[in-house]
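Notes follow once the structure below has been shown.
The values are calculated or read from the model by the stated rules, or taken from the named source; none is laboratory data. In this text, all values refer to a predicted model and were calculated from it rather than measured experimentally. These area figures cover heavy atoms from the full protein model, side chains too; ligands, DNA and RNA do not enter into them. Shrake-Rupley method; radii C 1.70, N 1.55, O 1.52, S 1.80 Å.
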Amino acid sequence: MANRGPSYGLSREVQEKIEQKYDSDLEQRLVDWIVSQCGGNLEKPQPGKENFQKWLMDGTILCRLINSLYPRGKEPIKKIPETQMAFKQMEKISHFLQAAEAYGVTTTDIFQTVDLWEGKDMAAVQRTLMALGSLAVTKDDGHYKGDRDWFHRKAQGYRREFTEEQLRQGQSLIGLQMGSNRGASQSGMTGYGMHRQIM
């Protein structure tokens, strides 16, 4: 974790809620997938959120992960430097996030660099990796490695075809959003300015 003092009050409550979203079972599944996707020479971390964070924090594993989802020679991150400089490691995380978005992960599913680097929201990191895995399984282009049951497939578009006759019939209908005058009458209406008469 970064150099942060203890938080109190509302800040502490917010941080506790964020930490409750972290899923230890999901962590193990993600570690298994990353190891099988990147190759066997990758060492698994000890279980726990802090160990998971340290394992991914320098950005190298994340860059290798996104590159493994592309064919040889078409990798989005050409050079993955081994470095201990903090800003270079954060830069690698940033490259991974850009490549994940280009791969198809929606912007709302992508974590911020500080979420991983400072360990502020590791649940968001898990969410990004889950979205990436689901997308890789859905694309089914032969680059996904691992158990297909680890991730769910994303829904594909359901295209509908209508005939010209069906489209013409739909033009004569008034949509319910536009309202309807069926069943309306002026019975019981009085002229403007007249008093209502109750009998």
Per residue, in Å², the accessible surface of segment 11-139 once ligands and nucleic acids are set aside, probe 1.4 Å
51 Å²
Qualifying lysines (Cα of each under 19 Å from Cα of LYS54; at least 8 residues distant if same chain):
LYS21, LYS44, LYS88, LYS92, LYS120
Under the classification rounded if a/c is under 1.5, otherwise prolate if a/b is larger than b/c and oblate if not, where does segment 89-134 fall, given a ≥ b ≥ c as square roots of the Cα gyration tensor eigenvalues?
oblate
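Over segment 11-111, what relative contact order in percent results from Cα pairs under 8 Å that are six or more residues apart? Walk me through the intermediate numbers first.
Working: 74 pairs, mean separation 21.5, N = 101.
21 percent.
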Determine, at each q value in 0.09, 0.16, 0.21 (inverse angstroms), the log₁₀ of I(q)/I(0) that the Debye formula gives when each Cα of segment 11-139 is one equal point scatterer.
-0.24, -0.77, -1.39
For LYS154, give me every one of the aspartates and glutamates with a C-alpha distance below 20 angstrom, ignoring sequence neighbours fewer than eight places off in its own chain.
GLU101, ASP109, ASP140, ASP141
